[in-house]
1. Share of the range 220-409's accessible area from carbon and sulfur, percent, 1.4 Å?
2. Sketch the reach of a paramagnetic label on residue 10 as a point 7 Å from Cα along Cα-to-Cβ, and name the residues of the range 37-59 whose backbone nitrogen lies under 19 Å away.
3. Does the range 220-409 come out rounded, prolate or oblate, given a ≥ b ≥ c as the square roots of the eigenvalues of its C-alpha gyration tensor, rounded meaning a/c under 1.5 and, failing that, prolate meaning a/b above b/c?
4. So how do 157-165, 299-307 stack up, highest first, on mean other-Cβ count within 10 Å?
5. Could you calculate the contour length gain from residue 59 to residue 387, that is, 0.36 nm times the residue separation minus the distance between their Cα atoms, to one decimal place in nm?
6. Quick one: accessible area per residue over the range 220-409, 1.4 Å probe, rounded to a whole number of Å²?
7. Please list 387-399, 283-295, 326-338 highest first by mean number of surrounding beta-carbon atoms within 10 Å per residue.
8. Listed highest first by mean packing, meaning other Cβ atoms within 10 Å per residue, what order do 243-254, 366-377 come in?
Amino acid sequence: LAQSLLALFASSLAISLVFAIIPLCHNVVVLAVVMAVAGLAMGCIDTISNMQLVKIYQKDSAIFLQALHFFVGFGALLSPLIADPFLSDTNCILANGTANASSNLPHIRKSLVPHHPGNLSHYDLPMKGMVVTRVSYAFWIMALINLPVPIAVFFLLYKERMVPCFNGSSHPLLSADELALETRPGDKDELSTAAQRPHTAAGHEDLFSCCQSKNFRGASFTYFAVHITGALVLFMTDGLVGEYSGFVYSYAVEEPLSVVHKVAGYLPSLFWGFITLGRLISIPVSYRMKPATMVFINVVGVLITFLLLLIFSSSVVFLFVGTASLGLFLSSTFPSMLAYTEDILQYKGCATTVLVTGAGVGEMVLQLLVGSIIHDRGSYSFLVCGMIFGCLAFTFYALLVFFHRMYPKPSPELDEASPDKAAVPEDTGQYQR
């Protein structure tokens, strides 16, 4: 826990520093390095927060994961609203002179709309040099908004006596196993005994314990298959989130829909708004519904939505309806898949790392893939790609369920010998589905 909190403190502080530095970067290489640091920090936060929620709350983690990802969607919805007042209403194109700009006008138009099939002459471009914006203020405001987060994490480290220089005078916020004793009164004696064990025994399980080769000795084929198929489901669904939010605007403004640019600009906001709403709804729903059932509803809903979008591809109204529907179905896939996979693998937290990595890679790769396909094949391929990825997500989910049926249930002897015995109650087996 100390290592995780220190990593969260360093990562969240790095994000504030990066956002403060971005407006000062006047070289694209420096900007690329700074953005790489930001991506690394965000990846650490994403992985550690999910992993720790799974390890702390175990069979109850689904509710907390849904709450965590609700705030992820809420931040994605809120941050553009913060930046919007500081953006310019025109294109920011720097021209050395009117003659230069006029000679390059066809090239500039094609670079802005490289795959537009119609006449490009109706795109008006500014011809008076650089358009000045105050977008730097948006980055600095975001840096200030984020600053309380590392301060809060440092305060938690201090109160839990995990800061080497300040561990003498503070008192922990919660005594050892207090939360577990309140939530599982039947296990009070067992957890009290576990709390009295020497800390050196638990100290061997550090932040990277799931990467040690000894944990894979004697592991069955289904153990690895559950990890891989779960990661592939998130590869497809998170890739769909990135692909759809990134290209739905481009799809809407082109033929046959030809939506007005300002109206099409509402589509990504509508998509993220319904993702946030869906994650809020999923918090109470996950208390009553199994994670496996929620994932099944999600992937089937994504398939049906893309099928209807293909059928009614010429309808602007249904594009908005389908965007909202897709946001709802994709909203809880990530946290539900984490809860389902960790439920199969006994809440060790290792699967979370694999799944978060698979989701991040999918979000990166599918956007690059779809962008190149749209450029070559036209806007309709945007929906076709979404349908294909939805089918693959459903296929990988069916394989995950198949491997779950084959996965061996834990035996009492293995549970007694496990070093995680103190963290996993004896009746964990009843949650195997």
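1. Here carbon and sulfur together make up 73 percent of the probe-accessible area.
2. Counting backbone N atoms under 19 Å from the label point, the list is 37-52.
3. prolate
4. Numbers: 157-165: 14.8, 299-307: 20.0.
Result, highest mean Cβ count within 10 Å first: 299-307, 157-165.
5. 114.8 nm
6. That works out to 41 Å² per residue.
7. Result, highest mean first: 326-338, 387-399, 283-295.
8. On the way: 243-254: 21.2, 366-377: 15.3.
Those peptides, ordered most packed to least, come out 243-254, 366-377.
The values are calculated or read from the model by the stated rules, or taken from the named source; none is laboratory data. Since the structure is predicted, the reported quantities are computational estimates derived from the model, not experimental observations. Note that we place each Cβ from the backbone using ideal geometry, even for glycine, and neighbour counts take in every protein chain shown. We work out accessible area using only protein heavy atoms, side chains counted, and drop any ligands, DNA or RNA first. Shrake-Rupley method; radii C 1.70, N 1.55, O 1.52, S 1.80 Å.
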